[in-house]
Every structure is written in C-alpha cells, then in structure tokens.
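**Student:** Can you keep this structure in mind? I'll have questions shortly.
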Amino acid sequence: MVVSNVPAFSAPPAPLETGFDILYQDEHLIAINKPPGWLVHRTPLAKGETHFVLQRLRDQIGQHLWPVHRLDRGTSGVLLFALSPEVARLLAASFESNEGMRKTYRAIVRGWPADEVFIDYALKRMPDDMRSERVEVQDAQTRLRTLHRGELPIPQGAFPSLRWAEVALQPLTGRRHQLRRHCKHLAHPILGDGTHGKGPLNRAVAAHLEMHRLWLHALHLDMQHPVTHQALQVMAPLGTDWTRWPNAALTAL
C-alpha cells in the first residue's frame, strides 16, 4: 500500500487552548513535551512556516525564553529553554559538549537491529549547521538498545512484511541529526525520516498507520541544574500516536 500524497508531517497540534505540556519549570528553566511537527524557532530556512515553539510558549507563560538546544521539527519530546540569557549561555555550552548530560530517545526503525549496538561513526558537519566550528568531520558515538521487534503487513520486495523495531538511543556526542544519520549508517533508518530514510517505505507506513511523522521521541533528559547544581531528571511520556503500532505483534526481548 503506497500513496504519493501523504504530507511530510501531519498537521501539527495547536496548543493554544490548553498550551504545551510543561514537564518542569523553575525561575531558571522550563521544559516542555514538544509535539511533532513544530519548529523550535524561526529560521531563514523555514519560510512559510507558522508554528514555532518559542513564540507560542512565550505567550503561554508570559516570559521571554532563550533556546539552548533544538529538536528537529518531526521529533517530539523533552525540549528545554532558559529563562535568562545567563542561564542560556551555561546550558548551551553543556549541550554542545554533551558533558554532564544523559539523553535517551525512543525510535521506530526499519528492520531488526542487534540487541545492543555501539555506533562509533564520524559525521561530516552539515552545511547549514552554524553552531559548529569549521570542523568538517567530527567524532560521533551513539548507543542503541533494541526493546521490541515486530512486523507490519507491508510487502517489501520479495518479503511479505516489513520488519520494524522499537529502540532506545543514547547519543554520547551532540552532532547535528546524529541519531538519524547513525541509524541510516546501520541500515536501520528511523521510519518517517524523509531525509535519511526511504520515501516509498515512509509513505507506505504512513498509509498503513494513517499518520505520517518522524518516529523519534526525546524521552529522558538527565543533567545537572546549571544554577543549583542539583541532579535534574525530566521525562516526556510517549504520545498516544505511539499506540498506533500493533502492540500485539511486539516481541519483547
């Protein structure tokens, strides 16, 4: 089942009535559960876009915000902002180096990866990544753990079904699109990834599930608070869209 008119993303939710789901807030920081389909902030590359987390959340809480990291438009989950430029500078350095932070993601990938994989694969700096220094190739490491395996009744060449897996991903470095590029390197691309995956396969999965999104979610963020220096743990529950996957077909490891 393949369709050609499935949009790149389903229409993003409009959290104007109830607002974004706030996971943590104090006088220095705020973390929300970002819905898929939202850009973090305005960018010259996003002409014509109208949904931006920064502006909507600022209106929701009535305070200025400073972004300290970003999630791709299609990625959902923990998204952190600073409430002052001083705290933003402290956090930006931590996110750039990935030191003192533990980030855990959930993803749905094509195929059945091994139970445990350590990915040590250097990545070229992306042309539009203005945050990085002029280093063309950067070391990058990710840990992958397979949680469940299943199949969808979508023919794949000579095979009658599509193998898929739910995985936990822990980036040990903070490179642009690192998880998506590392999964592609393993030949297990994240489903719904229009840049690093396969378009016909993504459209077939979207048609079967009646929903198109990048199946990547920032589940946990563990870090040291930049001001109080206390351990801070933030979790963003998986959305109801994840229940579209056929749980009866899951094979727990």
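The values are calculated or read from the model by the stated rules, or taken from the named source; none is laboratory data. Being a predicted model, the structure only gives us computed values, none of them experimental. Cβ sites come from the backbone with ideal geometry, for glycine too, and all protein chains shown count toward neighbours. All accessible areas refer to the heavy atoms of the entire protein, side chains included, with ligands and DNA or RNA removed. Shrake-Rupley method; radii C 1.70, N 1.55, O 1.52, S 1.80 Å.
**Student:** Using the heavy atoms of the protein chains alone and a 1.4 angstrom probe, what is the accessible area of the range 112-243 per residue in square angstrom?
**Tutor:** On the way: 6530 Å² over 132 residues.
Counting only protein heavy atoms, the per-residue value for the range 112-243 is 49 Å².
**Student:** How do the peptides 88-100, 26-38 rank, highest first, by the average count of neighbouring beta carbon atoms within 10 Å per residue?
**Tutor:** Listed from highest to lowest mean packing, they are 26-38, 88-100.
**Student:** A further question on this structure: What three numbers, in Å, describe the spread of the alpha carbons of the range 135-253 along their principal axes, ordered from the longest?
**Tutor:** 54, 37, 26 Å, listed from the longest principal axis down.
**Student:** Now for a different question. So, by mean Cβ neighbours within 10 angstrom, what's the order for 186-193, 225-232, 76-83 with the highest one leading?
**Tutor:** Numbers: 186-193: 22.2, 225-232: 13.2, 76-83: 24.2.
My ranking of the peptides, most packed first, is 76-83, 186-193, 225-232.
**Student:** What's the carbon and sulfur percent of the range 188-232's accessible surface, probe 1.4 angstrom, rounded to a whole number?
**Tutor:** 49
**Student:** Any idea how far the Cα center of the range 73-114 sits from the one of the range 150-182, in Å?
**Tutor:** Spelled out, the Cα-based centre of one part sits 19 Å from the other.
**Student:** What residue among 78, 97, 65 has its Cα farthest toward the positive end of the dipole of the range 64-103, where the charges are +1 on Lys, Arg and -1 on Asp, Glu, each on the Cβ?
**Tutor:** The Cα lying farthest towards the positive end belongs to 78.
**Student:** Using Cα pairs closer than 8 Å and at least 6 residues apart in sequence, work out the relative contact order for the range 82-184, in percent.
**Tutor:** So the answer I get is 32 percent.
**Student:** As a quick test, which of the pairs 34/198; 34/124; 34/103 have an alpha carbon distance above 23 angstrom in this structure?
**Tutor:** Flagged as over cut-off: 34/198; 34/124.
**Student:** Mind checking the full-extension length gain between residue 168 and residue 27? Use 0.36 nm per residue of separation minus the Cα-Cα distance, one decimal, nm. Please list the in-between numbers first.
**Tutor:** Details: separation 141, 0.36 × 141 = 50.76 nm, distance 3.14 nm.
Residue separation times 0.36 nm, minus the Cα-Cα distance, leaves 47.6 nm.
**Student:** On the accessible surface of the range 65-180, probed at 1.4 Å, how many percent belong to carbon and sulfur atoms?
**Tutor:** Roughly 51 percent of what the probe reaches on the range 65-180 is carbon or sulfur.
**Student:** I've got another one for you. Which listed residue (189, 174, 164) has the Cα farthest towards the positive end of the charge dipole for the range 142-206, taking +1 on Lys and Arg C-beta and -1 on Asp and Glu C-beta about the Cα centre?
**Tutor:** Of the candidates, 174 comes out farthest on the positive side.
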